[in-house]
Every structure is written in structure tokens, then in C-alpha cells.
Ligand code: HSE
């Protein structure tokens, strides 16, 4: 049965995502009303630049006073797509206080201080939905929060940043260097003028924190996530990965420790076998691989950014929150009951690919192997290639060592000791090998 009183929606932010949300609300109004059981009314749109022309939005709805909008008291749902920590945090908590539930796409805020938001939502009996915060259009958080609520997730492994996936894909497919691939990503509008958040892994780390918290029913903050960007990845690394039957991806990896007593979350470039489903994720697409005890391996794939895909996730949340509102209920809140601590990167166990420049003379391989053995890191394969030195006289070699699984701390100790060997001229690269 359709309610005639509309549900009032306030939009905070009207950029690429916000304007798409408003457009879809208007063009699909009848379908949305039928699915919700009540019509939606866009009751106000808070923006920073009121003079900008916004097609399809009644200018009378535009305001620069977001605080007054969320305090109106008649707003049912606030959609927050302004991003950043403040004023977004205060606006969201104020919205809860004044009767509204919230749909947010704000990964930075959720990763930095989700606890404050969840506590405020619970205190006031409101919903906080945020599907759009991770992997754009891909339905991922709801499946993790709801569909897998009866299972035990042990690992989440994903490509959650489209810009960096585009860069690495170009480096892999065309042999381009990092700077050239970044320039192409910028020209095509994937990378922003300041690409730091993407290429240094901050964006992916925020998403990893959110995913780990939901997957393991604990609290994981941005600071808990080990983060390495892709600015150091070279064409040589990509070529080396190819020789091993791998490709390089910037991965967000959230894992439950083998003893089940802690979790880890990390973002870094890694080699993955070409046979792994994540290896075939091209261009700016996202994909997340979830390993759960009963379900087995699941993969979620699709566009992870952009106005319409992100708006799709926001609208899905809007419909869910409105349905809850009409039914007089709320959806699932934060589930952080396990209180599992987040271990440091040193405790992560994985495989490594290490490229060394060494002197090519008797005993060097044995010396190098001894250092690995002393740190309890087992070698899987070694490949050596001799080459001429700068005077064309030979006597140098590239040594590529791939290890079996070892703790990150042991590998760091190994590398530190290798650097001290006279025969090791340099450590050209260290890359983790995942997905095997
Ligand atoms: N800049 C992100 C990406 C999208 O490239 O995937 C927003 O999180």
C-alpha cells in the first residue's frame, strides 16, 4: 500500500555523485515510490557554490547552510556526498539528532571515525548505510553485512582503487612506465590533478579498514592499515612478474590470523598469478574476492567509481533506509562484538619476490642463501642472470629470489642483513606474492 506523505530527502553535496543521485530520484520517481511504498521528495540540496547552474534541480532547494538543512526536523533521510572528515561528521551526527537516517559515501570519515557515527546512529535509533563508500556500484558491504552474516569470513582480497588499477594495467599491457601511465590516467579523467590519495594507497586503505571491520565484526581504523602506494613500481617489476606468470596489482588484503585471535589489514602492490580471477580485472574496474568458511570463494566485480555507478549504490541504500523507516525499523548497525585486535604488518605471513644486484663471483649465492636461512625464510626459487658492469667487464648479476611463506618481520630482517653484505650492491625491489 502506497503512503501519500512523501519521505523527505536532503542532499549534502551536489557534485559528480550528488547530481546523479538527484537526477535518478527525479527520472525514476515512480519506480522508486513503488519500491519504497511512498514517494520521495527532494527537500533541500546543500552546496558550496550556489551560483553554479544545476540542471534538473529547483533553484529554490539550493542552500549553502547544510547545518540548518539537517536541523530542519522534517527530513527523513540525509544523503551525505561531500566527503572529508569535517563538516561531514558533525552534519551526520546532527542529522541523527534531528530525526534523519543517513546514507553516506564517505570512506575517509567511516575509516577514520566510524565508531562515532555508529554510536550516534544507535543512540538515536537511525540507520547509517554506506554501500557507496567502498567499490562504487559493486554490491559488497550489504552482502558482507547481511548475506554473509551467518558465515565466517577469513579473508578479503581486493582491487578497490580504479585509478591505480588503470595505471598498473597500462604498465602491464603497453610496457609504459609509471609516470607515462599516470599521465594517461589523468588525461582520461581517472586520476585527479593531485593523485596522492590514489597512488599512495590512502583511498584503498580507507576502504580496507571498512571492509576488515565488517568482515571480521571488529573495529579497524585507517591508522591500523599498513599502506604502501604504487609509485615505486617499475617496468622491471612488471616484467619480472610476467616471467613468473604473474601480474602486479595494488591489493587491499584483510585477513584473520591463522589462530583466529587477531586480524590484519594492508594495502600494497603485489604480484598475483595470471590464473587468479583478480589478475583479469582490467582498466579502472574494481573486484573483491571474499573467502568465507562455508560459502567458499566469492568474487564481486564492477565499476568502482564515477557518478552514475556510485549514485546507484547511494540510491540502493536510500531505498533500503526508506523501507526501514516505513516499517518502523532500522537495518543492522555496527557489529564489532569480536573486538579482535589488529596485528602489525610484521606478523603478516606471505611470499616475497626480491631482486638483488650482486657481485658475480664464487660463494655469493651461498652467502645470500645463508642470510635467508639465518632469518628462517625458506627460498622457493632463485634465478640469476649475469650482466656487464658499467665498464663492460662483467662481474655483476641480478638475483631474483622467491620465498615460501614467511612473516613480514622475518623478511624485513633478511633484507636488512642482505644490504650489509659487501657482495650485495643493492636491493632493486621487494614485492609480495599473493593469491596462490
Ligand atoms: N579515486 C577512487 C578510484 C574512486 O580511483 O577508485 C573513489 O574512491
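The values are calculated or read from the model by the stated rules, or taken from the named source; none is laboratory data. Just so we're clear, the structure is a prediction, and the values are computed from it rather than from any experiment. Ideal geometry is used to build each Cβ from the backbone, glycine not excepted, and the neighbour counts take in all protein chains shown.
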- If only one of 135, 205 is modelled with pLDDT of 95 or more and away from the ligand (no atom under 11 Å from the Cβ), which one is it? 205
- Here is a list of conditions, (1) within 14 Å of the ligand (Cβ to nearest atom); (2) crowded, with 24+ Cβ neighbours inside 10 Å; (3) within 25 Å of residue 340 (Cα to Cα), and residue 198 meets all of them except one; can you say which number that is? (3)
- Query: Of all residues in the stretch 220-234, which are surrounded by fewer than 22 Cβ atoms within 10 Å (Cβ to Cβ) and either without any contact (Cβ under 8 Å) to a residue 60 or more places away in the chain or assigned to a loop (DSSP other than H, G, I, E, B) (or both)?
  - Reply: 221, 223, 227, 228, 231, 232, 234
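Yes or no, residue by residue, for (1) crowded, with 17+ Cβ neighbours inside 10 Å; (2) within 16 Å of the ligand (Cβ to nearest atom); (3) at pLDDT 95 or above; (4) not in a strand (DSSP E or B):
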| residue | (1), (2), (3), (4) |
| --- | --- |
| 209 | yes, yes, yes, yes |
| 218 | yes, no, yes, yes |
| 236 | no, no, no, yes |
| 261 | no, no, yes, yes |
| 271 | yes, no, yes, no |
| 275 | no, no, yes, yes |
| 282 | no, yes, yes, yes |
| 290 | yes, no, yes, no |
| 294 | no, no, yes, yes |
- Query: Quick check: anything in the stretch 279-297 without any contact (Cβ under 8 Å) to a residue 24 or more places away in the chain and under 16 Å from residue 165 (Cα atoms)?
  - Reply: yes
- Mind telling me which of the residues 401, 377 ends up being closer than 30 Å to residue 155 by Cβ and part of a loop (DSSP other than H, G, I, E, B)? 377
- Message: Let me confirm something: among 190, 178, 129, which residue is under 25 Å from residue 246 (Cα atoms) and either more than 12 Å from the ligand (Cβ to nearest atom) or not assigned by TED's automatic domain parsing to the domain that holds residue 278 (or both)?
- Response: 178
